[in-house]
Amino acid sequence: MSALQPKKSLPSTKKADTLGVTEAASSPTLSGAARRDLEAAAAPEWAAGAGAAIRATRAELVAWLQALLRQGVYRLRPGPVAVMPIGRIHQQLSVALAAAVETPALQAARERLSDDLARADARSAALASLDPSDPEAPALYDELIALGLDALQQLSEIEIELAAQHAGLDALTGLPGRRALYQRLAAEHARSQRSVHRCAVVLIDLDRFKPVNDQYGHLVGDDFLRAFAAALRAELRPYDAAFRFGGDEFVLVLPDVTNDQAEAVVERIRQRLQRQPLLEVDGTPLWAEFSAGVAALDGARTPAEALGRADAQLYAAKARRAHRVAQIPAATVPEGAPLARPKRRAGS
């Protein structure tokens, strides 16, 4: 099926073998749901949303700290202290981190912030249970102030890391780019070395994308890529991640899944998106298809090796027939072997 022709019928979905992708995108006839998916994937909106959530988190912390500091005469006039709004803080923080790449720096700051908040919440409860004249009360109050200040510091560390990630977003699709991908792979690799942890890497390449650009122009081609990126994100779990690797190539990082389960995820994406074309241009539906390669990332294989193996599998799938997903037995791709990509056919 050409990327420029309507589908006549749907292929069998019994096996994760033939991979096509279809979805509506930004066009005059775009459905409301599809348009919202695309808008959510845009980089400015993502950055603004995370930034607003960080500011809201800081506002909650600062307001609580100000209330505590106004009670700085605690030793002279003991009384109840402000209750930490820990639920609202965690809620805002989860919004800010929803699309973040879990780098080691971000993970460390997030874990320390969570620990500070939990300890401060416990100290608040302990202080509330004490008689104001108890000699332990002032020490608890001082510790509460210190924990609040440290929590603000950790929130600043998180904001710096998020700002760096947002700066690395692909401006076209709103997905993180290569820098963020490498950070995520390094984090998953480190996690696999600390414990038994499975992670699958999926490298995706659009088939016959060039005819879209040639026939309809690069602006439509940009809409095509943007819609495809939104389609990927719509089906991933909150802790999965999609990245734009370059051109019409994308990478999925799927923690806690086997290679077979990763194939099922890709097949589920195909099935969901096969219900309508990716774009419509002047009433003409444009359909998209892709090929994919899957590799495991574990403690025995470096991120570069896992990504290279997925790349080799992708092009083996293309050599067999387009619109496939492949896993090549390990013996057929020696560790450290240079990748020899087959020459791409015209329009692939």
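Peptides 121-129, 84-92: what's the order by average Cβ count within 10 Å, highest mean first?
Final packing ranking: 84-92, 121-129.
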Subject >> Long-range HN-HN contacts of Glu289 with modeled amide H, under 5 Å >> reply: Val21, Asp207
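From the C-alpha coordinates alone, can you work out the Kirkwood hydrodynamic radius of the range 65-190, in Å?
Hydrodynamic radius (Kirkwood, Cα only) of the range 65-190 equals 16.6 Å.
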Original post:
What relative contact order, as a whole-number percentage, does the range 92-164 give when Cα pairs under 8 Å and 6 or more residues apart are counted?
Top reply: 47 percent
Subject >> Taking the convex hull of Cα positions in the range 275-317, its mean projected area over all directions (nm²) >> reply: 4.5 nm²
Original post:
What translational diffusion coefficient, in µm²/s and rounded to a whole number, does the Stokes-Einstein relation yield for the range 131-264 at 20 °C and a viscosity of 1.002 mPa s, taking the hydrodynamic radius as the Kirkwood radius over Cα pairs?
Top reply: 118 µm²/s
Subject >> Neighbour cut-off at most 12 other Cβ (10 Å), DSSP loop, chymotrypsin sites (Phe, Trp or Tyr not before Pro), the range 235-264 >> reply: Tyr239
Subject >> Centre separation in Å (Cα based) which lies between the range 101-126 and the range 241-291 >> reply: 36 Å
Original post:
Using the C-alpha gyration tensor of the range 189-280, what are the square roots of 5 times its eigenvalues, in whole angstrom, with the largest one first?
Top reply: 29, 14, 10
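Read-outs: derived from the displayed coordinates by stated rules, not from any lab. If you're wondering where the values come from, they're calculated on a predicted model, not measured in any experiment. Please note: Cβ atoms are built from the backbone with ideal geometry, for glycine as well, and neighbour counts cover all protein chains shown.
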